[in-house]
Amino acid sequence: MSSMFSARAAGTSNMPRLRTTFLRGMVVTLSTPAILIGVFVCVFLVWLVALVVGFQGPSLFMANALGMPPIGTTFDLQVISLSLRVTDPANSLLAALPFMVGRAVLVGVVLGMSVGVLDRGRATADGALRGLLVAPMVLIVTLIELGFLFVGNIVGSLAGAGLGVFVQVGAIAAGLYLLGYAPVAQLREGRGVLQSLSRSTAAARIPGSSSLALAVFYAVPSVFLQFVVSGLGVNPSPQLWAFVLSANILHVAVMATYAYRWMCVEDEIPEPSARRREPRR
């Protein structure tokens, strides 16, 4: 864990404003046919897979189908719990593992294509392949963020029903804040797992980067989505389908936003200092 909490970068960041980076991520998503069409195809496939495993609604959960971990991970666990009636945490985790692997592949490919668009102005098969190679990193981040969710659930249960939801939202935001850059960091630099995790936390803690604000603004609407819009059937209405697809486009735009934000600050992150060895006596 000490490697994840390396020295904080000094000074202020050259990161553009939060709104600017999100708009850039949205432009990347909407202007890339491969990504945009992929959103529609993936949402439909996720819905079909959910139906196959016995999902009976509410269909509003599909709005988080393509969410980044751990938001997408909570979707996976909800589908398993509602479909298979699995309540034991260990069995739920095992049952959701194939979903998490698929999500890791999806996030990796989206990041790879987004970096390709930001670097060369177009999405390529090479960029998608590079993203596919960081899918294991996404899965590792997912498992670590599950630890955040586990701790959040324990603390939330002790805090009571009123404050418990806010504690769980805080746990999700903390996972996004600290680990959101790790997959794209490995994609860009090809470093190991611990170094990528360390550089992700260092990037998040750069003064003026607004990384915590991004994590909170992304986590809060996603978690409270089901309390805002109604839609309890297993088959979404046309209006609800439009909302679900729009929400998932926003999820993918956030992935592209993380890719762009990392590329803005990757040169500002200091290299970890070499540990001094104590002389033998």
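Residue check: L225 meets all listed conditions (1) over 14 Å from the mean Cα position of the chain (by Cα); (2) modelled with pLDDT of 90 or more; (3) aliphatic (A, V, I, L, M); (4) under 21 Å from R103 (Cα atoms) but one, namely (2).
Under the condition of being farther than 16 Å from V107 by Cβ and either modelled with pLDDT of 90 or more or of a type in the set (S, T, N, Q) (or both), the residues counted in the range 142-172 number 3.
The residues on offer are V165, V155, V184, and the sole one that is in contact with a Phe, Trp or Tyr (Cβ under 6 Å, 6 or more places away or on another chain) and among the hydrophobic types (A, V, I, L, M, F, W, C) is V184. In the range 104-155, the qualifying residues are those that are of a type in the set (S, T, Y) and touching a residue at least 24 places away in the same chain (Cβ under 8 Å), and the one that is surrounded by the fewest Cβ atoms within 10 Å (Cβ to Cβ) is T142.
Inside the range 36-68, residues that are in a loop (DSSP other than H, G, I, E, B) and either out of contact with any helix residue (DSSP H, G or I) (no Cβ under 8 Å at 6 or more places or on another chain) or surrounded by fewer than 20 Cβ atoms within 10 Å (Cβ to Cβ) (or both) make up a count of 5. Only one of the numbered conditions (1) at negative phi; (2) under 17 Å from the mean Cα position of the chain (by Cα); (3) modelled with pLDDT under 90 is violated by A253, and that is (3). Among the numbered conditions (1) crowded, with 18+ Cβ neighbours inside 10 Å; (2) under 27 Å from F61 (Cβ atoms), the only one that S92 does not meet is (1). Flag set for Y177, criterion: hydroxyl-bearing (S, T, Y), under 17 Å from the mean Cα position of the chain (by Cα) and closer than 17 Å to S222 by Cβ.
The values are calculated or read from the model by the stated rules, or taken from the named source; none is laboratory data. What you see is a predicted model; the values in this text were computed from it and never measured. Reconstructed Cβ throughout: ideal geometry from the backbone, glycine too, with neighbour counts over all protein chains shown.
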